[in-house]
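The values are calculated or read from the model by the stated rules, or taken from the named source; none is laboratory data. Here the structure is a predicted model, which is why all the values come from computation and not from measurement. Heads up, the Cβs are rebuilt from the backbone with ideal geometry, glycines too, and the neighbour counts pull from every protein chain shown.
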Amino acid sequence: MSDLPLLTGVLVLLGCQLLGEVTVRLLGLEVPGPVVGMVVFFVILRVRRPSERSGLVRAPSLLLRHLQLLFVPAGVGIVVYLDTLRDDGLPLAAGLWLSWLLGLAVTGGAVAGLSALRRKDRR
Amino acid sequence: MTPLVGWHPHETWAWLTGSPLFGLTLTLGGYAVGRWAHRRTGSPLLQPVLVAIVLVGAVLMLTDVPYADYLAGGRFVGFWLGPATVALALPLHQEWHLVRRAAVPILVGVVAGAVVSIGSAVLLTRVAGGDRTLQLTMAPKAATTPVSLALSAQVGGLPALTAVLTILAGITGATVGPWVLDRLRIRDLRARGIALGAVSHGIGTSRALQESRTEGAFSALSMALTALATSLLVPLLLKLVE
């Protein structure tokens, strides 16, 4: 498509997000713009079926390889809330970690259970 | 006559901490150290995001640089969370043949997970003595950061604190998630991926991608669907538990 595949790939990612953000605002949808952008990009990938060397694969791969980096600035915001975390330590720990554990167990259990059930049905 | 060369430490420091260069270099530097520590030790507890947050946070506290000043540079990194969310379509596309066959378990798992995450976050925060603002702040914590932040603002929580709690939930999934899933005897790669994505969004997904491409793809899908489900369910469930 271009002699700079990575540039093309990044442009497509930005374009998809832009389309998503504009769409949710125009239609007043209560869905985040990037999620709509993801659906758009998914359709592009299904239709074009790009090769491993294409920018459509290389740009998203690069971002996903360094996904953790992108959360650092918002995470550093914890320095602003150190007092709150200390004062409300118990409710925050309960609401965060117990709820995290319940969510993980219920989701994992439901998917594993249903998958096993369907496998049995097919036999 | 003015001398050709002077010594201006205060002016230089004031310029440096107000410049985007400071926050940007600090963020990438912290992440580089985090990756190095993760590779060097091989410990799942030393996730690069965790090491980077601790290092950058420590530097800000030691130097008394306000978080807002750091964000002048940090926001350039955070911006890419949006395009990275779009990028999650890639593993989904690559593993679509597996995803399509598991549509029912995926949907049931994600909806059940979102209901439990939101409901228990609000109720447990309340039972442990948290006030209303704190409960609302906690409610959307399982959805990925841009989404949880927006939802928190919408329902009357503290958006920046929600972002921090969301990232803590993510780091919990990346550090101990697979270990907990082993203890729960959930071994199906699809179930593990869906579970990690449902409670630990992008950070959990990055750990799932380390484990296997299939687990990563299911985690990416789960995180996207959880973002959707959470945006729809938070306003609804809040009315119910009130």
So A:Leu4 passes all but one of these: (1) more than 19 Å from B:Val147 (Cα to Cα); (2) modelled with pLDDT under 90; (3) crowded, with 21+ Cβ neighbours inside 10 Å. Which condition number does it fail? (3)
Test A:Arg118 against the criterion of being within 8 Å of chain B (Cβ to nearest Cβ), out of contact with any Pro (no Cβ under 6 Å at 6 or more places or on another chain), surrounded by fewer than 16 Cβ atoms within 10 Å (Cβ to Cβ) and at pLDDT below 90, and give yes or no. yes
Candidate set: the range A:28-82, residues that are within 7 Å of chain B (Cβ to nearest Cβ) and outside any helix (DSSP H, G or I); chosen: the one surrounded by the most Cβ atoms within 10 Å (Cβ to Cβ): A:Phe71
Would you be able to tell me the number of residues in the range B:57-90 that are touching a residue at least 40 places away in the same chain (Cβ under 8 Å), more than 7 Å from chain A (Cβ to nearest Cβ) and part of a helix (DSSP H, G or I)? 5
Collect the residues in the range B:92-105 that are in contact (Cβ under 8 Å) with a residue 60 or more places away in the chain and more than 7 Å from chain A (Cβ to nearest Cβ), keeping them in residue-number order. B:Gln94, B:Glu95, B:Leu98, B:Val99
Cβ-Cβ distance below 7 Å, separation of 6 or more or different chains: which pairs start in the range A:97-108 with a residue that is among the acidic types (Asp, Glu) and end on one that is not in a helix (DSSP H, G or I)? none
Anything in the range B:123-161 that is at pLDDT below 90 and among the charged types (D, E, K, R)? List them, or say none. none
Considering only residues that are surrounded by 24 or more Cβ atoms within 10 Å (Cβ to Cβ) and more than 7 Å from chain A (Cβ to nearest Cβ), which ones fall in the range B:178-204? B:Gly193, B:Leu196, B:Gly197, B:Ser200, B:His201, B:Gly204
Quick one: in the range B:151-175, of everything that is in contact (Cβ under 8 Å) with a residue 40 or more places away in the chain and at the interface with chain A (Cβ under 10 Å from one of its Cβ atoms), which residue is nearest to B:Leu209 (Cα to Cα)? B:Ala174
Tell me which of these B:Val147 doesn't satisfy, since it passes every other one: (1) under 19 Å from B:Arg75 (Cα atoms); (2) more than 8 Å from every other protein chain (Cβ to nearest Cβ). (2)
More than 9 Å from chain A (Cβ to nearest Cβ) and in contact with a Pro (Cβ under 9 Å, 6 or more places away or on another chain) - does that describe any residue in the range B:4-19? yes
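Are any residues in the range B:146-185 of a type in the set (Ser, Thr, Tyr) and within 18 Å of B:Ala208 (Cα to Cα), and if so, which ones?
Keep residues of the range B:146-185 that are of a type in the set (Ser, Thr, Tyr), which gives B:148, B:152, B:162, B:166, B:172, B:175.
Listed by number, the residues that qualify are B:Thr166, B:Thr172, B:Thr175.
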